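Read the figures in this text as sums done on the coordinates, not as results from a lab. What you are looking at is a predicted structure, and each value in this text was computed from that prediction instead of being measured. Because the Cβ atoms are built from the backbone with ideal geometry, glycine has one as well, and the counts that use them run over all protein chains shown.
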Amino acid sequence: MDKLVKRAADDIGNAGNVAALTGAGISVESGIPPFRGKGGIWEKIDPMEFAHIDTFMRDPVKVWDVLLKDMKEIIDKAKPNAAHLGLAKLEKMNKLKTIITQNVDGLHQMAGNTDVIEFHGNFAWQKCMKCGNRCETGKVDLSRIPPKCKCGGMFRPECVFFGEMIPPDYLARSQQAAARCDVMLVIGTSALVQPASYIPVIAKENGAKVIEINPERTPLTSRVSDYLVKGKAGDVVTDILAAMESS
């Protein structure tokens, strides 16, 4: 057994409060491309043009046609992978208390996690801009763009566009969860983007062990993480759970 997998299993097993910070890397294994980095969505389209709230308000048809329609198709097909399911299992074991995610796909909730703070909102739900009615994205009719509510108002995803603020209560709850935990798992993110990048720092400053699970080293590896377990999120989380069960 990999020594670092065993070390992670022991650290989680001895912890009373585990928190997780997750990014695009955990959902790539579910077929959802990342926004940033190699092969990311922002390599193909300009986020300032197609993912800014000003553009959406000015020309929602363009944003739905170029970005949101494709996102809906991808997320409609996506299912939780072994990493999502493993984190849900850690919650059932009463170890994992909170997930802080940069993702908008809703896969953590689909896997079974109940306390998920979605920094950037989510794309799993749409909200009518006129009456406030909510509708699951998978049930939204795209036969006309932009999609409309029964009241005639336009639907928009509940995700945070560029130009919009992260909800302050999400940020406050994330900071509280980081300050309270004794182990923080950082999975599938280099945490380069603020304010997510500061969450593991808060955990570290409050005495938590920070365990990084990523295929490669990141800026966190040398500065913040206690150690890095290299590999795909699904494989590593599965191995850690197996080590916990065998100990």
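Brief remarks follow.
- Cα-only Debye scattering, the chain: base-10 log of I(q)/I(0) at q = 0.10, 0.14, 0.18 Å⁻¹: -0.49, -0.91, -1.37
- Within-9-Å neighbourhood charge of ASN122 [Cβ basis; K, R +1; D, E -1]: -3
- Cα-only Debye scattering, the range 205-244: base-10 log of I(q)/I(0) at q = 0.18, 0.26 Å⁻¹: -0.52, -0.88
- Packing, as the average of other Cβ atoms within 10 Å across residues, places the peptides 175-188, 109-122 in the order 175-188, 109-122, highest first.
- 3J(HN,Hα) couplings calculated from phi for the range 91-108 with the Karplus curve 6.51 cos²θ - 1.76 cosθ + 1.60 (θ = phi - 60°) are, in sequence order, 5, 5, 7, 6, 9, 7, 9, 9, 10, 10, 10, 8, 7, 10, 8, x, 6, 5 Hz; Gly and Pro show x.
- Order by protection proxy (mean Cβ within 10 Å, highest first), peptides 77-90, 7-20: 77-90, 7-20
- Each Lys and Arg Cβ is given +1 and each Asp and Glu Cβ -1; about its Cα centre, the range 78-118 then shows a dipole of about 220 debye.
- Mean Cβ count within 10 Å, highest first, over the residues of peptides 154-160, 201-207: 154-160, 201-207
- Convex hull volume of the Cα atoms of the range 96-221, normalised per residue: 131 Å³.
- Pairs spanning more than 25 Å between alpha-carbon atoms, out of LYS62/LYS139; LYS89/LYS232; LYS139/LYS232; LYS6/LYS97: LYS139/LYS232.
- Annotation: the antiparallel percentage among DSSP beta bridges lying fully within the chain is about 30.
- Charge dipole (the chain, unit charges on Cβ, about Cα centre) - positive-most of VAL186, TYR170, GLY207: TYR170
- Square roots of 5 times each gyration tensor eigenvalue, C-alpha, the range 62-159, largest first, Å: 29, 14, 10
- P(r) tail fraction, the range 178-247 - alpha-carbon pairs more than 14 Å apart, %: 57 percent
- Value of relative contact order over the chain, rounded to a whole percent, pairs C-alpha under 8 Å and six or more apart: 25 percent
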